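I have placed the structure first, in the form of structure tokens, so that the comments after it can refer back to it.
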């Protein structure tokens with residue numbers, strides 16, 4: 001009699017996708033897309049690398065698609081969209097460079113900014129997600145999550161010229177909708193209110209309008225929550241209802257400064 005653990009582990013006819021290979025492919029296509037790290041001035045080398053990435057994608061798709069023939073169609077569809085995605089990413093790149101005074105060059109943003117890496121992989125994964133490719137888009141975005149601390153679900157819909165500053169701790173849920181020219185700082189959460197599993201297909205995450213700025217550690221929750229165009233959401237706020245366009249929302253806290261002489265010396269101790 002076969003061991004029950006073995007039977008349960010092999011209940012699927014398809015193999016699980018190779019996580020390590022998927023992550024390596026994600027890193028490689030990022031470098032290829034922007035001609036990083038190799039002498040892509042040689043056009044033949046560029047085309048050779050493209051063919052290699054296409055072939056590797058078909059292998060990854062073979063583990064998640066039930067129809068073996070569809071992996072070639074899906075790979076062709078994906079690579080056919082890369083020029084459009086690249087144009088989007090060039091606009092994202094310029095937006096970061098133009099807005100961030102710390103950015104000394106577009107190349108610096110491309111190589112050194114975790115936010116741009118996260119946006120790039122999201123846009124690639126989102127293309128696969130739209131075409132109902134299972135598992136692979138999640139592996140791609142979770143790879144970015146592990147590297148940068150930025151968690152963007154591939155199902156989210158994000159507009160043009162998206163800017164993530166610093167990025168650590170950002171969470172953007174599956175049904176989030178983000179407009180054009182949005183700026184998001186570290187620690188922002190676009191999350192869901194409590195939803196039962198049977199309502200997973202319902203919109204659970206907020207909608208962010210155009211030209212909105214979300215400052216550090218703002219938490220915005222709920223599928224019916226809409227942040228209007230041109231709004232500014234200050235740091236550390238908690239929002240579960242819609243905000244009108246052109247609003248300024250901020251958390252008011254009191255900071256008290258007193259003379260140190262009014263208090264006794266603190267105890268000094270060592271553990």
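The values are calculated or read from the model by the stated rules, or taken from the named source; none is laboratory data. Remember, predicted model here, so these are calculated numbers, not experimental data. With ideal geometry, Cβ positions are generated from the backbone for all residues, glycine too; neighbour counts draw on all protein chains shown.
Residues in the range 167-211 that are surrounded by fewer than 17 Cβ atoms within 10 Å (Cβ to Cβ), closer than 19 Å to residue 97 by Cα and under 13 Å from the mean Cα position of the chain (by Cα): 168 only. Summed over the range 102-158, residues that are in contact with a helix residue (DSSP H, G or I) (Cβ under 7 Å, 6 or more places away or on another chain) and assigned to a loop (DSSP other than H, G, I, E, B) total 8. For the range 160-219, the strands (runs of 3 or more DSSP E) that sit wholly inside it and include 2 or more residues that are more than 17 Å from residue 242 (Cα to Cα) and in contact with a helix residue (DSSP H, G or I) (Cβ under 8 Å, 6 or more places away or on another chain) are 163-165.
When you look at residue 28, is it exposed (fewer than 15 other Cβ atoms within 10 Å of the Cβ) and modelled with pLDDT of 90 or more, yes or no?
no
Count of the range 26-64 residues, restricted to those that are touching a residue at least 24 places away in the same chain (Cβ under 8 Å), in a helix (DSSP H, G or I) and under 16 Å from residue 85 (Cβ atoms), is 9.
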